[in-house]
1. Taking chain A as the reference, fit the longest principal axis to its C-alpha atoms, fit the long axis of helix A:118-127 to the helix C-alpha atoms, and give the angle between the two in degrees, 0 to 90, nearest 10.
2. Using a simple charge model, +1 on the beta-carbon of Lys and Arg, -1 on the beta-carbon of Asp and Glu, nothing else, what dipole does chain A show about its Cα centre, in debye to the nearest 20?
3. Provide, in order from the shortest bin, the percent of all Cα-Cα pairs of the protein assembly as shown in each 10 Å bin, continuing until the bin that contains the maximum pair distance.
4. What residue among A:Phe297, A:Thr240, A:Met273 has its Cα farthest toward the positive end of the dipole of chain A, where the charges are +1 on Lys, Arg and -1 on Asp, Glu, each on the Cβ?
5. Please compute the average number of Cβ atoms from other chains found within 10 Å of each residue's Cβ in peptide B:37-43.
6. What ranking of A:Asp342, A:Asp348 comes out by heavy-atom accessible area, probe 1.4 Å, highest first?
7. Please report Rg over Rh for the range B:89-134, where both radii come from the alpha carbon positions and Rh follows the Kirkwood definition.
8. With label points built 7 Å along Cα→Cβ from the Cα atoms of B:Arg174 and A:Gln236, find their separation and express it in nm.
Protein chains: 2
Amino acid sequence: MRTSVTTPRLGKLRESMGDLDAIVASSLENTYYFSGSYITTIRAIPDRLALMLIPREGEPTFLVCTIEESLARKESPIGDVRGYVEFGENPVDLLGKVLVEKGLDRGTIGYEARHFSAAYRERLSRVAPGVSWRPVDDLLGRLRAIKSRQEIDTLSRGALATEDAIMDGWESARPGRTERAVALEMANGMMTRGLDIVSFLCLGAGSHCGDAHPTPGARKLGKGEIIRCDVGGIFQRYQTDVARTAVFGKPTSKQTKRYEAIFEAQRRVVLAMKPGASVRELWKMAADTVTSYDLPFRAPHIGHSIGVGLHEEPMIQPYSDATLEEGMVFYVEPFIHLGPRDAYHVEDLVAVTPDGGLVLTDPHERRGELMVL
Amino acid sequence: MRTSVTTPRLGKLRESMGDLDAIVASSLENTYYFSGSYITTIRAIPDRLALMLIPREGEPTFLVCTIEESLARKESPIGDVRGYVEFGENPVDLLGKVLVEKGLDRGTIGYEARHFSAAYRERLSRVAPGVSWRPVDDLLGRLRAIKSRQEIDTLSRGALATEDAIMDGWESARPGRTERAVALEMANGMMTRGLDIVSFLCLGAGSHCGDAHPTPGARKLGKGEIIRCDVGGIFQRYQTDVARTAVFGKPTSKQTKRYEAIFEAQRRVVLAMKPGASVRELWKMAADTVTSYDLPFRAPHIGHSIGVGLHEEPMIQPYSDATLEEGMVFYVEPFIHLGPRDAYHVEDLVAVTPDGGLVLTDPHERRGELMVL
């Protein structure tokens, strides 16, 4: 018999399991976090499940389609990897068999209710009718929210690479160049600076700058226009996400003032990001700062935790009771939309420390003023 | 009162609805297909739902978070767009209110059971307990499977751009260059040739070539090694997905023969891709061809339909009763894995025609022989 695999992450998870007999992880975030194997098709092909069964005691089992079996064995310390033939066997049926084999078919088992599809969930009830299935998305999210020193280092390096790539794009902006050409410089910059993939590449100028997530197009940059970008990718398995606002040519005093409002909101929030701070209060601080400039504030959130996933818990939003803890990191991103041609956004990576937030992007404080191109 | 929106796609959907009173679309594939608005955060931030309610009669309603409202109004002809404040209101609760308003709270309504999460599904039952919810993933997939001339043109141009970008990468391969450097040429080539984003960039040489989805790394190309790539992105909202196999330096006769086996499998399948052909038989044809070369064949599928989504129905796999129809397009991709350093893959876009499949990639039949770099 194999010795049971233990890792610090599995150890922490087991300590947090309460009365659960096991947990089934299914999202890329959680299967990577607990297995070490990064199976990208979990996102690209959602029907092709990868399931990690983690009993409170004993060996975890990793269920993957046969196509991914070699990768799972290579990257994960888990010895018990089981392959299912896609289309030939439903992965949930295989999970049902493993539950019987391990005597877990009458237990209480946690699963990711926000990731598992309704169709697979229904099948779960059919193949394991004796199991009481309980959502554990919040529990797993809380464990992932506290980052190790190494995770913070990776997130920080990815954020800096992304920010530098944005500068590559800004530097390429000239009269007659298109949104798309500038965005391509950013994409190329992210890849050459170490990201494995660009996950999103939003850039809009002029009449596009007010769209929340504009696809860069053939529109040429015009004098005095606002250009907004929000770009990110994957750096050593961890997400990056940086937003900047620039003006092509000399900004008006109104544009300068409006950017100042969101930068001041970000600055004040960052100072307050100590352990114990309430996300609700942080959101309110940003809202109050912006409205003190006589501007409307409607952003549902002003920041989010990040990791293997893009928006992780906690979010900095007004309906949450969450408080900050040391080890958490957030992208802090006040955003104001004042019209289709008039929107401002700044987004930076911030670590929570006893002295307040530490900005991990922008070593030169380039973000303090509206960028002039 | 507004005039009800009708588009050819909504018309076809309504003809297929049978006894359903309405359908709720939630995936990016279906909301884009039926609304015309491409809300990328549906994939990036799955909790942030966008829901399109399409009653059998009368005006559709598009429910999106307030952040995406301007984009939804700009891109979609739907007049009835309703915004919900993320975190402040659950999108499923808003859907429940709209169902009451439209007298649909006691009907039979179709939904995407393979896209809706178990958590949202449970809430659906609570907010609309009088509704009978029925999965319609297959129905919607069948409608999307038949492409218009314009869709085929878009898919074809995206496929060619992706294939040319692979050639950019191959041309950059030299002794001492890394997997990553070659992959970056491909990524840059895809973007400069018109793709909006690179969704996946798998490339592995030597000991990595046997991983199904290798992340390109710092490994330098070595003489005689197999290099395999499988790359794709989004071209005007539609997915691309091309795979190629090359050898760095002179291939052995064994390598040449093994590549010939999968190319011959692809060639035979393509010839047989007429309306009425059974996907099961096509899969078997590929398997038989490969085994006739005395090689094992284990691929669960050898091709997939494609559109706004990556793997769409039908799939060319042995457990399906589907048959081909004119207007369908597939990426056909026989793959053999013979060892960690010995795997072969070729993947091309093929349209179904009465004369057999028409290859839309590779106008120069460059794929016929193992590429020598």
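The values are calculated or read from the model by the stated rules, or taken from the named source; none is laboratory data. None of the values given here were measured: they were computed from a predicted structure. For neighbour counting, all protein chains shown are included, and Cβ atoms are generated from backbone atoms with ideal geometry for every residue, glycine included. Side chains included, ligands, DNA and RNA excluded: accessible areas come from the protein's heavy atoms. Shrake-Rupley method; radii C 1.70, N 1.55, O 1.52, S 1.80 Å.
1. With rounding to tens, the tilt is 10 degrees.
2. I would put it at about 580 debye.
3. Reading the bins upward from 0: 3, 14, 23, 27, 22, 9, 2, 0.
4. A:Phe297
5. 3
6. The ordering from most to least exposed comes out as A:Asp342, A:Asp348.
7. Using only Cα positions, Rg/Rh for the range B:89-134 is 0.93.
8. According to this spin-label approximation, the distance is 2.9 nm.
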